[in-house]
1. For region 2-155, what is the percent of antiparallel DSSP beta bridges, rounded to the nearest 5?
2. Taking every pair of Cα atoms in the chain, average 1/r, invert it to obtain the Kirkwood radius, and report Rg/Rh to two decimals.
3. Can you sort 52, 63 so the residue with the fewest Cβ neighbours within 10 Å comes first?
4. What is the calculated FRET efficiency for residue 33 to residue 104, with r their C-beta to C-beta distance and R₀ = 30 Å, to the nearest 0.05?
5. Neighbour counts of other C-beta atoms within 10 Å: give me 85, 3 arranged from fewest to most.
6. When the chain is modelled as a GNM with alpha-carbon springs shorter than 10 Å, which of 74, 33, 137 fluctuates the most?
7. Just report the Cα centroid separation between region 1-36 and region 84-148, whole Å.
8. Work out the length of the dipole vector of region 2-155 about its Cα centre, built from +1 on the beta-carbon of each Lys and Arg and -1 on the beta-carbon of each Asp and Glu, and round it to the nearest 20 debye.
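What follows is calculated from the coordinates using simple rules that are stated; it is not laboratory data. As the structure is a prediction and not an experimental result, all values here were calculated from the model. A quick note on method: Cβ atoms are made from the backbone with ideal geometry, for glycine too, and the neighbour counts reach across all protein chains shown.
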Amino acid sequence: MLIRRAKVEEAACLTEIAIAAKQHWGYPESWIEAWREDLTITAGFIECHEVFAATENDKLIGFYALVTSNGLTELDHLWVLPERIGKGIGRQLLVHAIERAASIGAQRIEIVSDPNAEGFYRNAGAKPIGEVISSIEGQQRRLPRLAIENLRTGDIPK
C-alpha cells in the first residue's frame, strides 16, 4: 500500500469511497442523501487542504483529509472502501495523518466521529472532549468529539 497526496482529478472517486464507507454502517439511503454534500470531495477541497490517498496497485482504497483553520487541525475525513475495512488501512491512514499534522506544526488533532468509528479512534489513543448534537429526519444524533494530543505516532496502541 502507498499513501500519497490526493490528485484533484481523483475527487469523484474519493467521494465514492466516502459514500460507500458511510453506507457500510447501514444508514438509510435518505440519510446518505442528506449527508451527500458533506461527503463530497471537490477538486478545490483537495487543492486547499491536506488530502492523502491510500492506493494499492494504483487503485484508490481510502483517504483522509486534515483541515486547519484558526489554529485548529481537524481530521475532516478518513474513509476506507468497505471491503477493506478491518485490514489495517484505516490505522495506517491515521498514523500518516498524525505524522502529517505534526510536520505542519499541529499539536493536536480533533475529530468529530461517526458513532460507529468512535472505538477505532479511541483504540488509537483519541480521548473524548465533548460531542456534537445533530438532527436528521427528526432523530437526534450525538457525535463524539475526540482529540489526539501530542501527535507522536509511537504512542498509538497496536
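1. On the way: 33 of 34 bridges.
Just about 95 percent of them are antiparallel.
2. Numbers: Rg = 14.9 Å, Rh = 15.9 Å.
Rounded to two decimals, Rg over Rh is 0.94.
3. Numbers: 52 18, 63 25.
Arranged by neighbour count, lowest to highest, 52, 63 become 52, 63.
4. Numbers: r = 34 Å, r/R0 = 1.14.
That pair, residue 33 with residue 104, gives E of 0.30.
5. Numbers: 85 16, 3 20.
Lowest count first: 85, 3.
6. Fluctuation is largest for 137.
7. Rounded to whole Å, the Cα centres lie 16 Å apart.
8. On the way: 17 positive and 22 negative charges, 105 e Å.
About 500 debye.
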